[in-house]
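The block underneath contains the structure these notes are about, expressed in structure tokens.
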Amino acid sequence: MGPSGSGKSTFLRLLADLEKPNSGEIIINNKNGISDIAVVFQDYSLFPWLTAEENIVLALKKRLKGKKSKKELFQLAEQYLTMVQLGHATKKYPGEMSGGMRQRAAIARALSVGSDLLLMDEPFGALDPITRIQLQELVLQINQDQKKTIIFVTHDAEEAIMLADSIVMFSPGPPGKILECIDVPFEKPINRNELFESREFIEFRDDLLQLMNKGIFEKLNQKEAVEDGGGI
Amino acid sequence: MRRNLKHYSITLAIFFLLILIWVYFTNFSDLLNPVIFPPISEIAGAFVEAFDEMLKGFASSMALLIPALALAFILGVGGGVFFGLRQNLREIFSPFFHVLSPLPPTLFIPYAIALLPTFKSASIAILFIGAFWPIFLGTIQGVVLIDKRYWDNAKIIGLKGIDFIWKFVLPASSPYILSSTGTALILSFIVLIMAEMFGAEAGMGHFVLYYTDFSQYDYVLAGIIFNAIIILTIILIFEKVKKRILFWMNLKSD
């Protein structure tokens with residue numbers, strides 16, 4: 001979690017091997033980098049010229065190189081889409097889907113990669129509040145059912161608390177830094193309504209926001225000081 | 001729909017007005033030379049009389065155009081993808097592309113005639129040169145400009161080989177490929193008429209040039225109208241095909 005420009009997405013891209021670090025190494029499970037990367041972006045996780053199932057088959061093909069027939073691949077794709085409640089929309093193109101459906105399909109595709117690690121880069125940032133909550137529930141369910149580690153980038157404190165076991169707070173950059181790692185004190189599964197009304201939640205959220213804002217204000221003050229100096 | 005009708009009714013009115021102007025000046029005034037500007041009845045007569053000949057010309061023009069365009073499309077898209085994906089090679093060769101591509105294809109006529117055995121093969125070569133460059137350069141541009149987010153996607157699912165080209169590079173660059181193919185198509189009609197100026201015995205352009213030599217302007221105009229109809233039809237068909245291939249750009253969620 002962190003404000004814009006703090007390097008959250010860059011960190012995720014480094015993990016996904018979409019960008020190379022200027023220095024240092026990325027070690028996951030004692031290995032340099034990961035071979036199978038599952039990523040859900042904010043949008044454009046799917047190719048618009050392929051249907052939902054074709055998008056997933058494309059990812060499956062690489063993983064199951066020649067081990068399955070075309071028919072089996074499409075059946076498998078349908079299973080993944082059913083898992084995200086899109087069993088009815090396998091033949092739809094991304095352009096025909098709502099934002100929420102697209103992100104469901106993107107999650108299905110990420111799951112089909114079969115990686116233990118799922119990276120999500122502000123995946124619900126462009127969605128309306130209700131769809132957003134529905135998809136957060138989906139992520140929690142996947143996390144529970146499939147025991148996948150999920151690294152989820154967001155700047156929404158409530159989303160972070162709802163989803164995370166621990167929150168890594170980034171400071172505003174550049175260069176962004178890790179401010180603090182905070183364990184979320186609420187047991188899962190969480191009842192959203194009860195939680196949002198509890199004092200512990202409100203205090204925790206305020207602390208979190210304060211931590212994030214502290215960084216932002218410091219940054220703003222710094223800039224002002226520089227600008228004042230420059231004006232004279 | 002009603003709005004369309006209204007728009008097109010104005011278009012039609014202008015069309016008939018132009019015909020009336022033509023009729024007035026050719027039938028009821030002495031201002032225009034009647035040989036160069038024949039009356040409509042004569043043009044229509046020539047159109048009917050020469051229709052078979054024009055159809056034959058159309059067939060022989062297509063016999064040049066289709067192989068040239070097909071070859072230009074295959075090599076243009078293939079070469080465009082090849083250079084589009086290889087920045088180093090592209091930088092080395094792009095000066096050649098920039099020097100060669102703007103040259104009018106007709107400049108190569110002497111060499112085409114000297115090197116190729118028949119008029120037909122020479123014409124196809126000239127037409128090919130004309131159509132190749134726009135498609136080739138358009139494809140390079142399309143590949144270079146593929147959205148970074150699509151690239152991320154392709155990398156993440158580890159696309160390689162045939163799928164990488166067919167399911168990612170070609171569809172992602174298809175808007176540019178098709179729009180440059182449209183340009184090539186229009187350009188190739190211009191080149192076609194020129195290519196038919198040497199040695200052709202039939203063809204859409206040849207028909208017009210042939211009757212110009214005899215000052216039979218009713219036939220010339222019939223040929224021009226015939227060309228206009230054919231070219232318009234082909235372009236409309238191409239636009240339909242293009243729209244169908246690029247269907248994914250115009251989808252709406254329900």
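Every read-out reported here was derived from the displayed coordinates using simple, explicitly stated rules and does not represent laboratory data. The structure displayed is predicted, hence computed values, not measured ones. Note that each Cβ is placed from the backbone with ideal geometry, even for glycine, and that neighbours are counted across all protein chains shown.
Remarks
- ³J(HN,Hα), Karplus 6.51/-1.76/1.60, whole Hz, each residue of the stretch A:179-185, x for Gly, Pro: 7, 6, 10, 10, 7, 7, x
- Partner lysines for A:LYS177 [C-alpha distance under 17 Å; skip if fewer than 8 residues away on the same chain]: A:LYS8, A:LYS214, A:LYS219
- Estimated distance in nm for a label pair at B:ILE40 and B:ILE234, the labels positioned 7 Å out from Cα along Cα-to-Cβ: 2.8 nm
- With the helix formula -39500 (n - 2.57) applied to DSSP H stretches of n ≥ 4, chain B reaches a computed 222 nm mean residue ellipticity of -25500 deg cm²/dmol.
- Here the Karplus relation 6.51 cos²θ - 1.76 cosθ + 1.60, evaluated at θ = phi - 60°, turns the backbone of the stretch B:173-185 into coupling constants of 9, 4, x, 6, 4, 6, 5, 6, 5, x, 4, 4, 4 Hz, with x for every Gly and Pro.
- By the beta-carbon count within 10 Å of each Cβ, the least crowded to most crowded order of A:SER9, B:SER180, fewest first, is A:SER9, B:SER180.
- Sequentially through the stretch B:199-215, phi angles give Karplus couplings (6.51, -1.76, 1.60; θ = phi - 60°) of x, 6, 10, 7, x, 5, x, 4, 3, 5, 5, 4, 6, 4, 4, 9, 6 Hz, Gly and Pro residues having no value and appearing as x.
- At most 14 other Cβ within 10 Å, DSSP loop - trypsin sites (Lys or Arg not before Pro), the stretch B:22-92: B:ARG86
- For A:VAL39, the amide hydrogen comes within under 5 Å of the amide hydrogens of A:LEU119, counting only partners 5 or more places away or on other chains and with H modelled in the peptide plane.
- A cut-off of 5 Å between modelled amide H atoms, ignoring neighbours fewer than 5 places along the same chain, links A:ILE167 with A:ILE182, A:ASP183, A:VAL184.
- Of the trypsin sites (Lys or Arg not before Pro) in the stretch B:141-224, those whose Cβ has at most 13 other Cβ within 10 Å and which sit in DSSP loop: B:LYS160
- The mean number of partner chain beta-carbon atoms within 10 angstrom of a residue's beta-carbon across peptide B:53-60 is 0.
- Positive contributions from Lys and Arg (+1) and negative ones from Asp and Glu (-1), summed over other residues with Cβ under 13 Å from the Cβ of B:PHE58, come out at -2.
- Those GluC sites (Glu not before Pro) in the stretch A:112-213 that DSSP places in a loop and that have at most 16 other beta carbons within 10 Å: A:GLU187
- Largest first and in whole Å, the equivalent-ellipsoid semi-axes of the stretch B:38-249 read 39, 20, 12, each the square root of five times a Cα gyration tensor eigenvalue.
- Shielding by partners - mean other protein chain Cβ count within 10 Å, residues of B:157-164: 5
- A:ILE150 long-range amide H proximity, modeled H, under 5 Å: A:LEU118
- This ranking places B:VAL241, B:VAL81 by how few other beta-carbon atoms lie within 10 Å of each, fewest first, which gives B:VAL241, B:VAL81.
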